[in-house]
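Single-structure report; data block below.
The values are calculated or read from the model by the stated rules, or taken from the named source; none is laboratory data. Everything quoted here is computed from the prediction, not taken from an experiment. When we count neighbours, we look across all protein chains shown, and the Cβ atoms used for this are built from the backbone with ideal geometry, even at glycine. The accessibility values were calculated without ligands, DNA or RNA, using every heavy atom of the protein model including side chains. Shrake-Rupley method; radii C 1.70, N 1.55, O 1.52, S 1.80 Å.
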Amino acid sequence: MEQRHLGRTGLRVSRIGLGTLTWGRDTDEHDAADQLKVFWDMGGTLVDTADVYGGGEAEYLLGRLLDSLVPRQDLVVATKAGSVPDPYRRFDGSRGHLIAALDASLQRLGTDYVDLWQIHAFDPVTPLDETLQALDLAVSSGRVRYAGVSNFSGWQLAKAATWQLAAPGSRTRLASTQMEYSLLQRGVEREVLPAALDLGVGLLPSSPLGRGVLTGKYRTGTPSDSRGASEQLAPFVEPYLDEAAGRIVDAVATAADGLATTPLQVALAWVRDRPGVAAPVVGARNAQQLTEALSVEALSLPDEICQALDDVSAPVHRYPDQDWSTL
């Protein structure tokens with residue numbers, strides 16, 4: 001699998017990442033092991049998790065598989081901190097919480113460092129410089145090699161990345177931002193992606209298959225074994241089952257028929273090759289699904305197909321979006 005630099009850093013990652021959102025909850029150790037082995041065998045390196053996935057079980061499960069199944073040095077292990085199970089405060093970006101969360105993640109992962117540590121979301125009640133100082137402390141201590149953020153809006157990303165660039169050598173450059181991005185969710189193109197491109201921050205798209213909808217499996221109903229049929233995840237999928245999404249899915253299916261491939265591969269190839277994208281992060285139910293996703297490595301979409309998909313899924317730009325003066 002092709003490797004790409006993550007933003008303007010020396011860190012290289014596989015251009016498809018493996019997500020672990022369901023590990024330890026819907027994905028047991030056997031299925032997780034099969035996925036990790038397939039991913040590694042096909043040249044994948046970036047494995048993304050978080051301290052809240054499965055209540056910590058995803059990190060614990062990944063830790064059990066490191067070295068016993070795949071050599072630790074062959075993987076780029078990325079995790080996140082900042083989300084908290086508190087109905088009154090969803091995110092805690094305080095220095096104390098973040099450093100404690102990092103130590104707990106390292107213990108569950110069974111490693112003394114993570115390659116990429118990400119702030120899971122912006123905390124509006126903690127000064128941003130305090131949150132960013134936690135990244136600097138983590139890198140300077142050797143427990144973290146590179147730092148990033150997740151779910152930051154355009155102005156939040158620009159402020160954070162600029163702050164980190166203000167004093168070269170003493171602050172840690174942001175390597176990445178992880179955001180939802182797919183043919184069904186192109187909101188990042190308004191402000192986040194222009195900021196990331198300008199500041200040299202690599203984009204790690206989450207839900208690159210539109211929460212599974214872009215695979216086409218919901219075109220004739222909701223499969224019983226799908227996320228859309230899950231009591232816990234159905235509300236996650238439902239927003240992408242409307243008429244507008246259906247038109248985009250139909251266009252993807254038409255492109256797939258013309259290219260003798262699958263809607264999954266068309267949708268994934270489109271987002272993988274967008275400007276500024278380092279590596280879409282794919283979550284799979286089993287190794288067979290993951291193998292199909294990773295086989296996209298051999299596919300490059302023709303320009304006319306990309307343009308047609310761009311047209312049918314184009315986000316609405318209004319003042320003061322990027323290039324608003326041309327609207």
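Below are the figures for this structure:
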quantity: Chain lengthening between Asp41 and Gln3 when straightened (0.36 nm per residue, less Cα-Cα); calculated: 12.2 nm
quantity: Most mobile listed residue (Arg89, Arg143, Arg108) in the chain, GNM with C-alpha springs under 10 Å; calculated: Arg89
quantity: Range of Cα positions in the stretch 1-53 per principal axis (Å), largest first; calculated: 35, 26, 11
quantity: Label-point gap, in nm, between Gln307 and Ala104 - each point 7 angstrom along Cα→Cβ; calculated: 5.2 nm
quantity: The stretch 1-129 - Rg (one decimal) and Dmax (whole number), Cα, Å; calculated: 14.9, 44
quantity: Ordering of 117-127, 207-217, 27-37 by burial proxy (mean other Cβ atoms within 10 Å per residue, highest first); calculated: 207-217, 117-127, 27-37
quantity: Potential lengthening between Ala298 and Asp26 on full extension [0.36 nm per residue; Cα-Cα distance subtracted]; calculated: 94.9 nm
quantity: Contour minus Cα-Cα distance for His317 and Asp250 (0.36 nm per residue); calculated: 21.8 nm
quantity: Cα convex hull of the stretch 193-327, projected area averaged across orientations, nm²; calculated: 9.6 nm²
quantity: Estimated inter-spin distance, Asp86 and Ser325, nm [label 7 Å along Cα→Cβ]; calculated: 4.5 nm
quantity: Within the stretch 289-327: backbone nitrogen closer than 18 Å to the Asp242 label point (7 Å, Cα to C-beta); calculated: 312-318
quantity: For the chain: accessible area per residue (Å², 1.4 Å); calculated: 44 Å²
quantity: Mean-position separation - Cα centroids, the stretch 1-72 and the stretch 177-246, in angstrom; calculated: 20 Å
quantity: Choice from Ser182, Ser94, Ser230 with maximal GNM fluctuation in the chain (Cα, 10 Å cutoff); calculated: Ser230
quantity: Kirkwood Rh, angstrom, the stretch 163-232 [1 / mean 1/r, Cα pairs]; calculated: 14.6 Å
quantity: Fraction of antiparallel bridges per DSSP, the chain only, in percent to nearest 5; calculated: 15 percent
quantity: Binned Cα-Cα distances of the stretch 110-167, short to long, each 10 Å bin given as a whole percent; calculated: 22, 55, 21, 2
quantity: Carbon plus sulfur fraction of accessible area for the chain, probe 1.4 Å, in percent; calculated: 50 percent
quantity: Average silhouette area of the stretch 260-300, convex hull of alpha-carbon atoms, in square nanometres; calculated: 3.0 nm²
quantity: Relative contact order %, the chain, counting alpha carbon pairs below 8 Å whose residues are six or more apart; calculated: 18 percent
quantity: Most mobile listed residue (Gly276, Gly148, Gly55) in the chain, GNM with C-alpha springs under 10 Å; calculated: Gly55
quantity: Theoretical FRET efficiency, 1/(1+(r/R0)^6), r = Cβ-Cβ of Arg12 and Arg72, R0 25 Å, to 0.05; calculated: 0.95
quantity: Within the stretch 195-246, chymotrypsin sites (Phe, Trp or Tyr not before Pro) in DSSP loop having at most 10 other beta-carbon neighbours inside 10 Å; calculated: none
